[in-house]
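Worksheet for the structure shown next.
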Amino acid sequence: MRRSRLRPGDSLRVGFVGLRSRKVRTVLSALGVAIGVATVVSVLGISRSSQDELLDQLDALGTNLLQVQAGQGLGLGGNTDLPDTAASQVRNIAPVEEVASVTSLDGPALRSSYADPNATGGISVKAAEPTLLDTVAGSVAEGRFLDDAVDDYPVAVLGAVTAERLGITAVDGQTSVWMNGRAWQVIGILEELPLASDLDRAVLVGYDAAATYLDADLAPSRLYIRTASSSVEQVADVLPAQANPEEPENVDVSRPSDALAAKAAAEDAFTSLFLGLGAVALLVGAVGTANVMVMSVLERRGEIGLRRALGATRRHVRGQFLAESLLLSLCGGIAGVLIGAAVTFGYAQAKGLHFVVPASAVGYGMLAAVGIGVLAGVYPATRAARLAPTEALRAA
Amino acid sequence: MSDAVSAVLELQQVTKKYGDLEVLHGVDLAVDSGELVAVLGPSGSGKSTLLHIMGTLDRATTGTVIVDGHDTAALSEAQVAGLRAHRIGFVFQAFHLLDGLSAVDNVANGLLYSGTPRAERRARAHAMLARVGLGDRAGQLPRLMSGGERQRVAIARALLNRPAIVFADEPTGNLDSHNGAEVLDLLRELNAEGTTIVVITHEHEVAAAMGRQVEVRDGMIVRDSRRTAEAVAR
Ligand SMILES: Nc1ncnc2c1ncn2[C@@H]1O[C@H](COP(=O)(O)OP(=O)(O)OP(=O)(O)O)[C@@H](O)[C@H]1O
Ligand SMILES: [Mg+2]
C-alpha cells in the first residue's frame, strides 16, 4: 500500500502560499519580528562602530605613552614639581624612546593688552619641549610647533580649545597673545590631543623664552614618555625612582591611553542595556507571531480538514504551519537585519564613524528570528495537527 | 459471491458512537466498482457520519470497513492518509477550494500528498480541468468563479488521483437548480467513464438521478434499491 508523501519543495511552497494568501497579516507580523531583530542588529552595529572608532584612535595614538607628575597629597607640602634632573634621568631608561617635559607657568594669557586679566577662560600657560608634539602623537592644525630655532623667541603655540576660546583661527604672523606685559606671536595651533587633553587648554611656549620673558621656575611639572611597546609596564615600574630618586613615592605614573580603553569598554556595558531592550522587542514579536499563527489555525480549520481529506498526515499539517511560522519570521529577520544595518549606517554617517555591522550581529539577529519562528509555530502547529479531520470539515 | 470480488467499499455491521449517543446502528453496505450510489436521508440521520467513516476520515466504533481491499481497522493513521492520497476522492458541499491558488493549482492539489512532481500534477490538472469543461479557466482564482464552476473545479481535484471511489457530500447543496443539474450531469458522465461515486444528499430529485439509492434514517439503512432489485430478481 502506498504512503502519503509531500515533497520537500512542495512543503515549502505550501507554507509560502499560506503566507501569500494573507498578505496584510503576514506583513504585520513579520514587521513585529523585524523590529525586534532590527533593534538587536542596530544596537550591536552602532556599538561596534563606535568601539571601532575608539580602538582605531587608540591604535593611531598608541598605548605606549606614559605620563609622570609629582604626586599630590602625602602631606609633604607644596612641591608639585619634579626635580630638574627628572627628564634626563628618565631618558637613561633603555626602552624609553622619547621624553618631553612640560612646566606649568603662571598666567594669564590674554587676547590683547586690553583684555580683562581676570577672565582667562580656564587657559593655562605652559613651557614645553619641542619633542612634545611627537611624544603625545599630536599634530598641528595651523602653522607649526615649537622648535629649537624659535625656542628663545617670544612665540606661542595654542591648544585647540585655547585657540577657539581666544577666537584665533589662522596663523598669519600678525596674531599674538598677551602675556606678562608683552605680545607673543602665535606660530601654530594644535589639533586636539586625545592623550593629553589638558594641553588643549594651554598656551605653549619654549623653555628658553619662558626663562627669558617670564622669569619662571622651570622645574618640570610633568613628563610625557614614549617607550618601546613591549616594555611599557617595566618602564612604568622604574619611573618613580628615576624621575625623583629622593622621593619616589611622590611620583604619579599613569597611562593616558587607559582612559580611552575604558571608554571603549564602557560602550560594552551600554550595549548590554540596549540589547535588553532588543530582547523585549523580540519577545513582543514572538508573541505577535504566535498569536497570528493561533488565529490562523482557528480560521483555517476548513483548509486543514481538506488537506487531511487529500491525504495529508498529521505530520504534514504540523509541518505546514511550522513552515509558515518559520518563513514568516525568516522574512521578518531579513527585513530586520536590513533595517538594523540602515539604522547603523545612518548613525555612523551622522557621527562620522566607520560603518560596521559585525557578522555576529547578523548571526544573532537571524538566530533570534528562527527561534521566534520555531517557538511561535510549535504550539499552533501542534494544535492544527491534533485537529480531527471530521471536526475540521464540520467547522467550516 | 461474484459482487464481493469487485467491491471497492464494504461496511459490515458498522456502528458509531459519540460518547453515549449512538448515531449509526449496524450499517451494512457494499459498493461495487463502477456504481453511482446515492445515500439519501433527512437531516441528522447520520449521512455525513457515514461518509466520513467510508472515506476513512473517521473510524467506526465497531464493525468492519474495507476500502479498496484494505481493512481500515488494521491500518495506522498514516496508512489511511496514504489511502486517501492515492485511492479516495472527496467533494464537499462548501467546495473547500483554497483562495490563494488558481483553479489549476487547486486541482493539482488532488495529487499534492501523493509525492507526484509538481510539473506532472499541473499537467494532469490542466487535462482534468478540460475534462470538466473549464479548460479555459485554469488561471482563474476560485472566488471569481460561479458556484457551479467552483464545484466542477473541486470535482476535477477529487478525480486527479484516479481514485477507486469518490465521496460527494451534498455536492449540489450550495448551488441553484441550474448549476446543480450541471454538476449532477457531470457526475453521471464521469461515472459512465468508469468512476465509482457515492453521493450524499437529502434531496429525492438528486437521489433519483443516481443509479442506486440507499436510504438512511436514524442511523440505519432502511432501503437499498440494489437489494430490492436482487430480491425481485430472485
Ligand atoms: N462530533 C459529534 N459529537 C456528537 N454528536 C455528533 C457529532 N457529529 C455528529 N453528531 C450527531 O450525529 C447525528 C448525525 O449527524 P450527521 O452530521 O451525520 O447527520 P447528516 O445526516 O449529515 O445531517 P445533515 O443532512 O444535516 O448534514 C446528529 O444527530 C449529530 O448531532
Ligand atoms: Mg451532513
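At least 2 residues that are touching a strand residue (DSSP E or B) at 6+ places or on another chain (Cβ under 6 Å) in each: list the helices (runs of 4 or more DSSP H) lying fully within segment A:212-323 that qualify.
On the way: elements: A:232-243, A:257-299, A:301-309.
Correct list: A:232-243.
What is the residue count in segment B:50-75 for residues that are without any contact (Cβ under 8 Å) to a residue 60 or more places away in the chain and within 16 Å of ligand 2 (Cβ to nearest atom)?
4
Step by step: first the residues of segment A:294-309, then only those that are aliphatic (A, V, I, L, M) and at the interface with chain B (Cβ under 10 Å from one of its Cβ atoms), then the one that is farthest from A:ARG25 (Cα to Cα). Which residue is that?
Out of the qualifying residues, it is A:ALA309.
In segment A:1-32, how many are without any contact (Cβ under 8 Å) to a residue 60 or more places away in the chain, within 10 Å of chain B (Cβ to nearest Cβ) and surrounded by 15 or more Cβ atoms within 10 Å (Cβ to Cβ)?
The total comes to 7.
So A:ASP81 passes all but one of these: (1) open to solvent by 40 Å² or more (accessible area, probe 1.4 Å); (2) charged (D, E, K, R); (3) at pLDDT below 90. Which condition number does it fail?
Here A:ASP81 clears every test but (1).
All but one of (1) within 14 Å of another protein chain (Cβ to nearest Cβ); (2) farther than 28 Å from A:THR313 by Cα; (3) not acidic (Asp, Glu) hold for B:GLY133, so report the exception by its number.
For B:GLY133, the failing item is (1).
Could you go through segment B:168-175 and let me know if any residue there is closer than 19 Å to B:LEU83 by Cα, crowded, with 23+ Cβ neighbours inside 10 Å and away from ligand 2 (no atom under 16 Å from the Cβ).
No, segment B:168-175 contains no residue that is closer than 19 Å to B:LEU83 by Cα, crowded, with 23+ Cβ neighbours inside 10 Å and away from ligand 2 (no atom under 16 Å from the Cβ).
Would you check if A:SER360 is of a type outside the set (A, V, I, L, M) and either within 16 Å of ligand 1 (Cβ to nearest atom) or open to solvent by less than 20 Å² (accessible area, probe 1.4 Å) (or both)?
In short, no.
Working only within segment B:68-82, note down all residues that are over 25 Å from B:LEU21 (Cβ atoms) and more than 7 Å from chain A (Cβ to nearest Cβ).
B:ASP68, B:GLY69, B:ASP71, B:ALA74, B:LEU75, B:SER76
Would you confirm, using the coordinates I've provided, whether A:ALA115 is surrounded by fewer than 17 Cβ atoms within 10 Å (Cβ to Cβ), among the hydrophobic types (A, V, I, L, M, F, W, C) and farther than 24 Å from A:LEU58 by Cα?
yes
What is the one condition in (1) within 16 Å of ligand 2 (Cβ to nearest atom); (2) at pLDDT 95 or above; (3) among the aliphatic types (A, V, I, L, M) that B:VAL80 does not satisfy?
Here B:VAL80 clears every test but (1).
Would you mind telling me which numbered condition in (1) open to solvent by less than 30 Å² (accessible area, probe 1.4 Å); (2) more than 12 Å from chain A (Cβ to nearest Cβ) B:HIS178 fails?
(1)
Is it the case that segment B:141-164 has a residue that's open to solvent by less than 10 Å² (accessible area, probe 1.4 Å) and within 16 Å of ligand 1 (Cβ to nearest atom)?
Scanning segment B:141-164 turns up no residue that is open to solvent by less than 10 Å² (accessible area, probe 1.4 Å) and within 16 Å of ligand 1 (Cβ to nearest atom).
When residues of segment B:30-49 are filtered for being open to solvent by 20 Å² or more (accessible area, probe 1.4 Å), more than 13 Å from the chain's Cα centre (by Cα) and either within 16 Å of ligand 1 (Cβ to nearest atom) or within 14 Å of chain A (Cβ to nearest Cβ) (or both), how many remain?
So the answer is 3.
Identify the single condition in (1) under 20 Å from B:GLY173 (Cα atoms); (2) away from ligand 2 (no atom under 16 Å from the Cβ) that B:LEU112 does not satisfy, given that it satisfies every other one.
Here B:LEU112 clears every test but (1).
Could you please tell me which pairs satisfy a Cβ distance under 6 Å, a separation of 6+ or placement on different chains, a first residue in segment B:87-109 that is within 7 Å of chain A (Cβ to nearest Cβ) and touching a residue at least 12 places away in the same chain (Cβ under 8 Å), and a second residue that is open to solvent by less than 10 Å² (accessible area, probe 1.4 Å) and of a type in the set (A, V, I, L, M, F, W, C)?
Listed pairs, sorted by first residue: B:PHE90/A:ALA309; B:PHE90/B:ALA158; B:PHE90/B:PHE167; B:HIS96/A:LEU306.
The values are calculated or read from the model by the stated rules, or taken from the named source; none is laboratory data. Small disclaimer: the values here were computed from a predicted structure and weren't measured. Don't worry about glycine lacking a Cβ; one is built from the backbone with ideal geometry, like all the others, and counts go over all protein chains shown. Note: accessible area is taken over every heavy atom of the protein model, side chains too, but ligands, DNA and RNA are not part of it. Shrake-Rupley method; radii C 1.70, N 1.55, O 1.52, S 1.80 Å.
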